[in-house]
Each structure stands twice: as C-alpha cells, then as structure tokens.
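Asks: Mind having a look at this structure? Questions to follow.
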Amino acid sequence: MRLFLQFIFACTSCFIGAYFSMGQSIEEWDVRFREGNLDEKIEALYHLYFLQEEADVDDAFSYAQHVHELGIQEGREDALAMANYCHGHYLSSKMLLEESLLRFEAAFSTFYALQNDTLCSEVYNGIGNAYFLKGDYSSAEEYYLRSIDLARTSDAERFQLIAYPNLARIYRIQNNYVEAEVLLQEYINFYEETGKLTKLGNAYGILGQLYLDQEKVETAMEYLQKGLEFQLALGSLRATANGYTNLAIANFLKGDVAQAERDFRTALKYRLQEGNPFFLAEAYFNMGDFYIEQEELDSTIHYYLMSLSIAEQSTNLIGSSDACKRLAEAYERVGNISKQLEYLKKYIALQEEQTLQTTSKQLNLLRESFEWSKLEQEQRNRSREQEMQADLTYFEHAWVRWRWIMVAIVSALGIIFIVKRRTT
C-alpha cells in the first residue's frame, strides 16, 4: 500500500548516527570550528557534521572538506581520518556506496593505528549502514555486531548502543521481532536516564513499526504516540511532522480515516512552519496519497498540484517526477485523457533529466573522491620522503662522527705506539 511505504520512509529515512553534541548547538560548534586550532576543528567536525547533516548534507560536508585540506597541509593523519569518516557518511547519503566503503576503510586504518576503539566502532556502524543501503543485510549485520563488540571491549556503553537501532532494522527484515525489541528496549532504557529526546523519539518510532509489521496496530500506535511526545518535547518541527505522519498512517491502517486525515493535516501544518521545500512537497504529496485512497479526486489533484509546484520551485526533480506520475494517474481516474498525457510526458522528461543529473552529480563526486585519495597519497609520499631524508641525514652525520672517532682512535694508537718505541 502506498501509505505504508510512506510510513517506512518516515521511520527509516535516517540511520542512527554516532555523535554526542554535549548539549551544544550548531552555532556554538561552528564558532569553535572557525576560531579553534586544528585539534579543536577535528572535534567540532565530529559534532557539526551530524548536527548539520539533517538540515543540509552539502553544508555539513563543507566542514569535512576544510579539515581534509588542513590535514593535507599539516600532514595530520588524524585530521584526514576524521574527514574520511564524514566523507564516508556523505557518499552513503548520495548512494555512492562502494566509494563510501573506501572512505570508511581509510578512516578505520588510521583510527586502528591510533588505537581508538570507540571511533573504530563508529566506522564499523557506518560500514554497516552502507551495506544496508546496498541491500546486503548479511554484511550489514556483521558490521553492526562488530561495532557493538568493539565498543563493549572498550567499556563504552553509549558507543555500544549506537548500532542497536540499526541492527534492530536488520532483525525486523528477518522477522526476528523479539531480538529487535530487546535491542530497542535496552537502547531506550539507557537514553531514558540521559534524557536524549531525539534518540528516544527515533527508537519508539521503530518499535511502533515493528508492531505494525506484526499487524498489532493498537500497540504500534502506543509506541508511535510515545515517540511523538518526545519529538514534541524536543521542539523539532521536522521530527514532530514525521511523528504525526506515522500516526496518520497507523490510523489509516486501523481504519480511523477521520483521525488519519487530522494527523496528516497537522503534519502539513508543521511542514509549513518549518518551511523546508523538500519536506513540504512531501507533505502535500502525502495528502494527495490519502485522498486518492478515498477516491476524492478533486482534493487529490489539488494536493498533487501543490506538491508539484513546491518541487518545481525548489528544483526537486524527484518530487516533481513523483507528483507528475500521480497526477497522470488521478486524471486517468477522472477520465481527462489530455491532462493524463500531459503529465505523463512531463514525467518521462523529468525522468530523463533526473537520470542525466544523477549521473553528472555522481561523476563529480567520484572525481572529488579520487582527488581526495590522490592528495592523501601525495601527502604520505612527501612524509615518507621526509622521513627517508631525515634517516639519511642522520646516518650521514653518524658516519661522519664515527669516521672522526676512528681517526682519533687510530691517531691515539699511533701516538701510543711511537711513545712506547722511543721509551724502549
């Protein structure tokens, strides 16, 4: 069912990341990043990337680019590793998964050499996410388990818990609902003590999804409602809109169409307050999906047209393409063949444009990633040359010292020999 797929998107569009902002805002971390030395920039990047990623992943990545440049200039492997760690997440978000794995592996090798088990654990979680997106759930499970084991050996409980919700998703796919719930309950128990509202809201949302999968709608709605309470307390417009969207879909599946409509409208209200065109287009699209299920085609067309308008204004090709496809379906149902053909043609043209744009963007990202690797290799070559030159200089100086020592010893022995001959 179309609405159910939208529910899955609302609950699982973001993997649980690995960062602990220590209560500081994006603005505070940004000041520390701009004004601090390289060590402080590395720490700030660790927090800034994930805090900023939800709002604008490209802006978030700009911090990693800056740290990478400084790492090259100053020959700092730890800076390169942190930049590569964020680069791996960035490439995963762009679905360049093989390249993402290379970045994660580059980060891991440095963190491992530095014996930083917690960061190694986080990299394993990132690798697991990349494999999940590839559809390789067996490898994803393997790396989530590695992440947990490595954090456990370093006695870092909060790092151990990072992969729990992601591993729960794997168990959900395997219909292993009991294990999935155990993980989520442990995760919730820990964060209820620390008061991390975002993490609690996410975990309860996934729990709700588990029970919807088992067609236990009443229990699912209890967890979804609880997740929404945390999202409301957090004050995040986006998280709250997601929560209401999930509740709307659950009510729809329950058969409470009137309440589902109210929840969809509430979600739309929060999207309008947030003002993000991508998610606003999605909210209008959800309203269109709701009304097409009710066969209220005038309302369906109105909301799909609103979604298309917002998507076109923000050059959102995917949103525009999806809206055109749905509009063609809606006009077919009302018997308006000319409008149906008009939007089918638009849909085909947008699909072609989307393919070209995606190919171009991916090519640019691959070039950029190649350039990163090239710069890192050049920096390491320079470091090796400097080390070799330093070793050579040391041996040359040592040889000179030993040569003069040998001359002194030979001279001393010669003098002793001459003195002894004269005395005899």
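The values are calculated or read from the model by the stated rules, or taken from the named source; none is laboratory data. Keep in mind that this is a model prediction, so the values were computed, not measured. As a convention, Cβ positions derive from the backbone with ideal geometry for all residues, glycine included, and neighbour counts pool all protein chains shown. All accessible areas refer to the heavy atoms of the entire protein, side chains included, with ligands and DNA or RNA removed. Shrake-Rupley method; radii C 1.70, N 1.55, O 1.52, S 1.80 Å.
Asks: Restricting attention to region 174-203, which residues are open to solvent by 10 Å² or more (accessible area, probe 1.4 Å) and touching a Phe, Trp or Tyr at 6+ places or on another chain (Cβ under 6 Å)? First the steps, then the outcome.
Replies: Step one: list which residues in region 174-203 are open to solvent by 10 Å² or more (accessible area, probe 1.4 Å), which gives 174-179, 181-183, 185-186, 189-190, 192-199, 202.
Listed by number, the residues that qualify are Glu179, Leu183, Leu197, Lys199.
Asks: While we're here: Taking Leu102, is it surrounded by fewer than 23 Cβ atoms within 10 Å (Cβ to Cβ), under 14 Å from the mean Cα position of the chain (by Cα) and more than 18 Å from Tyr49 (Cα to Cα)?
Replies: no
Asks: Further, regarding this structure: Under 9 Å between Cβ atoms, which residue pairs at least 6 apart in sequence (or on different chains) link something in region 84-111 that is closer than 19 Å to Tyr63 by Cβ and outside any helix (DSSP H, G or I) with a partner that is charged (D, E, K, R) and at pLDDT below 95?
Replies: Lys94/Lys361
Asks: Okay, moving on. What do you reckon, is Ile42 at pLDDT 50 or above, hydrophobic (A, V, I, L, M, F, W, C) and either assigned to a helix (DSSP H, G or I) or touching a strand residue (DSSP E or B) at 6+ places or on another chain (Cβ under 7 Å) (or both)?
Replies: So Ile42 fits the description; yes.
Asks: Separate question: Regarding Ala44, is this residue hydrophobic (A, V, I, L, M, F, W, C), touching a residue at least 24 places away in the same chain (Cβ under 8 Å) and open to solvent by less than 20 Å² (accessible area, probe 1.4 Å)? Before you say what the answer is, go through the steps one by one.
Replies: Details: hydrophobic (A, V, I, L, M, F, W, C): yes; touching a residue at least 24 places away in the same chain (Cβ under 8 Å): no; open to solvent by less than 20 Å² (accessible area, probe 1.4 Å): yes.
Against the criterion (hydrophobic (A, V, I, L, M, F, W, C), touching a residue at least 24 places away in the same chain (Cβ under 8 Å) and open to solvent by less than 20 Å² (accessible area, probe 1.4 Å)), Ala44 does not qualify.
Asks: Could you figure out which of (1) open to solvent by 50 Å² or more (accessible area, probe 1.4 Å); (2) farther than 16 Å from Ser369 by Cβ; (3) of a type in the set (Lys, Arg) isn't true of Lys94?
Replies: The number of the failed condition is (2).
Asks: Restricting the search to region 343-355, which residues are farther than 13 Å from Ala330 by Cβ and either in contact (Cβ under 8 Å) with a residue 24 or more places away in the chain or surrounded by 18 or more Cβ atoms within 10 Å (Cβ to Cβ) (or both)?
Replies: The answer is Lys346, Leu350, Gln351, Glu353, Gln354.
Asks: Name every residue in region 118-140 that is assigned to a helix (DSSP H, G or I) and either free of Cβ contacts under 8 Å to residues at least 24 places away in the same chain or open to solvent by 40 Å² or more (accessible area, probe 1.4 Å) (or both), in order of residue number.
Replies: Of all residues in region 118-140, those assigned to a helix (DSSP H, G or I) come to 118-134, 137-140.
Tyr131, Leu133, Lys134, Tyr137, Ser138, Ser139 - these are the residues of region 118-140 that are assigned to a helix (DSSP H, G or I) and either free of Cβ contacts under 8 Å to residues at least 24 places away in the same chain or open to solvent by 40 Å² or more (accessible area, probe 1.4 Å) (or both).
Asks: Could you identify the single residue in Ala151, Ala180 that is in a helix (DSSP H, G or I) and at pLDDT 90 or above?
Replies: Of Ala151, Ala180, the one residue that is in a helix (DSSP H, G or I) and at pLDDT 90 or above is Ala180.
Asks: To continue, here is another question. Give the number of residues within region 201-238 that are polar (S, T, N, Q), over 23 Å from the mean Cα position of the chain (by Cα) and within 23 Å of Leu167 (Cβ to Cβ).
Replies: 2
Asks: Output the qualifying pairs, or none if there are none: Cβ atoms under 6 angstrom, residues six or more apart or on different chains, first residue in region 331-342 and closer than 10 Å to Ile301 by Cβ, second residue among the aromatic types (Phe, Trp, Tyr) and assigned to a helix (DSSP H, G or I).
Replies: These pairs meet every condition: Lys339/Tyr331.
Asks: Could you check how many residues of region 151-163 are under 21 Å from Thr194 (Cα atoms) and open to solvent by 10 Å² or more (accessible area, probe 1.4 Å)? Write out each step before concluding.
Replies: To start, the set of residues in region 151-163 that are under 21 Å from Thr194 (Cα atoms) comprises 151-152, 154-163.
After this cut, where a residue has to be open to solvent by 10 Å² or more (accessible area, probe 1.4 Å) as well, the list is 152, 154-160.
Final tally of qualifying residues: 8.
Asks: Restricting region 70-83 to residues that are free of Cβ contacts under 8 Å to residues at least 40 places away in the same chain and open to solvent by 10 Å² or more (accessible area, probe 1.4 Å), which is nearest to Leu119 (Cα to Cα)?
Replies: By that ranking, first place goes to Asp78.
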